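Data block below; observations after.
Here, each number is a calculation from the coordinates, and none is a lab measurement. Nothing here was measured: the structure is a model prediction, and the numbers come from that model. So basically every Cβ, Gly included, is an ideal-geometry build from the backbone, and we count neighbours across all protein chains shown.
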Amino acid sequence: MGERAKRLALVASKGSLDQAYPPLILASTAAAMGWEVGIFFTFYGLDILHKKRLEHLQVSPVGNPAMPPPIPAIPMLKVPTLMGALPGMTAMATTMMKGWMAKAKMPTIKEMLDLCVEADVQLIACATTMGVMGITQADLIPAAKCAGATTFLDYAADADVSLFI
Amino acid sequence: MVADGQIAKRLDCQGLVCPYPIIELARAIKSVDTGAIVELLATDPGSVRDVEAFQKRTGHQLVEQSQANGVFRFLVRRAK
């Protein structure tokens, strides 16, 4: 051996269900390949580490012109923004996405987090966001460590792959 | 051709999608001795390229690969 392992540095800044999966999937896959991985959760990404919120992440069709309604027969059909703003539409879109995930046997957000923790992925919570949004260490899963941008930049400076989500 | 008796561990990841097949493969490789072979069965079409990339990055060897009825079979030997 003697060769340094690759390092992946990720920023997870979004808290919607469709944006919570990519950082966790990339992290767990890189870890499976023996890479060092660190995810810096900031802004709404902090919800992914939030004990009470992480199992209730949602996705909205509003301003999300890629989101389709559950009518697979018409592939081009997407949810128009005004319709997406109607009451109940966010819940419907979230239920639909959870259904896709279950059908494809994708793990839940909680299961993905457990996989990451088991694989020694560093889960770093942005201290500034915690202050701005009134989130305390007790609100976050035990594996989360609190740090600032300097810590992330220092980690990313030696990373082979750095991604912002 | 690797004989059945030479396979140290069998993984059935049929129906599972990325990242599961690779995550399970990585776990299984860690659990066998160096030089031992792990068999992975998967239906995820992405797994073909994923296993090749896994091999390239980790140094473990893809000894054999075959496909039958939509099921991909990979034999990977732990290199170190």
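Taken together, A:Ala93, A:Ala147, A:Ala85 contain a single residue that is in contact with a strand residue (DSSP E or B) (Cβ under 9 Å, 6 or more places away or on another chain) and surrounded by 12 or more Cβ atoms within 10 Å (Cβ to Cβ), which is A:Ala147.
Taking the conditions (1) more than 17 Å from A:Ile25 (Cβ to Cβ); (2) surrounded by fewer than 16 Cβ atoms within 10 Å (Cβ to Cβ) in turn, A:Phe164 satisfies each one other than (1).
Just so you know, in segment B:38-51 the residues that are of a type in the set (Val, Ile, Thr) and surrounded by fewer than 20 Cβ atoms within 10 Å (Cβ to Cβ) include one that is farthest from B:Val63 (Cα to Cα), and it is B:Thr43. The lone criterion from (1) more than 14 Å from every other protein chain (Cβ to nearest Cβ); (2) within 10 Å of the chain's Cα centre (by Cα) left unmet by A:Leu24 is number (1).
From the list A:Ala125, A:Ala157, the one residue that fits, being buried (at least 17 other Cβ atoms within 10 Å of the Cβ) and either under 16 Å from A:Val37 (Cα atoms) or touching a residue at least 12 places away in the same chain (Cβ under 8 Å) (or both), is A:Ala125.
Results for (1) within 14 Å of another protein chain (Cβ to nearest Cβ); (2) touching a residue at least 60 places away in the same chain (Cβ under 8 Å); (3) among the acidic types (Asp, Glu); (4) more than 18 Å from A:Ile135 (Cβ to Cβ), shown as yes or no for each residue.
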position	(1), (2), (3), (4)
A:Ser16	no, no, no, no
A:Thr29	yes, no, no, yes
A:Ala32	yes, yes, no, yes
A:Ile39	no, yes, no, no
A:His50	no, yes, no, no
A:Val62	no, no, no, yes
A:Leu82	no, no, no, yes
A:Pro87	no, no, no, yes
